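First up is the structure itself, then whatever we jot down about it.
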Amino acid sequence: MSLCDRHRQAIECAETHEEQVETLIDIVSRQPDSTFEQLLDALKATNQTEAVDIITETHKESVQKHAVCIMYTDDNSADYKTHIIISCVDTLKDRREVLTERFFKKDVLSSSSLLH
């Protein structure tokens, strides 16, 4: 996936990694579907298969929520986030953010990146 200088600069100028992710998503969302496929291919080529799974299988979050509900059926007083904290696990949303940040640091902003 190649980014024009203007798009690369827009991503690099974003103040936080979260804003960089939002900028990339915004850029990709305005492109043909093939651009999204190129992003997925770049993730796969850099062994970011977990990121590909997260991006393409957003239903995993609902599976996690359902599993937490099953685990804590006796405790109706607490919500999903509280149960996640008690379980000492990250939400899938938090994991996606960590993976996206790692991807950006390693593969997008690197001068030797496949996306360069």
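Quick notes
Here's the yes/no breakdown for (1) in a loop (DSSP other than H, G, I, E, B); (2) under 13 Å from Leu109 (Cα atoms):
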residue: His7; (1), (2): no, yes
residue: Ala10; (1), (2): no, yes
residue: Val21; (1), (2): no, yes
residue: Leu24; (1), (2): no, yes
residue: Val28; (1), (2): no, no
residue: Gln31; (1), (2): yes, no
residue: Ser34; (1), (2): no, no
residue: Leu39; (1), (2): no, no
residue: Glu50; (1), (2): no, no
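- The residues of segment 69-102 that are closer than 19 Å to Ile27 by Cα and at pLDDT below 80 amount to a single one, Arg96.
The values are calculated or read from the model by the stated rules, or taken from the named source; none is laboratory data. Keep in mind the model is a prediction, meaning the values are calculated, not measured.
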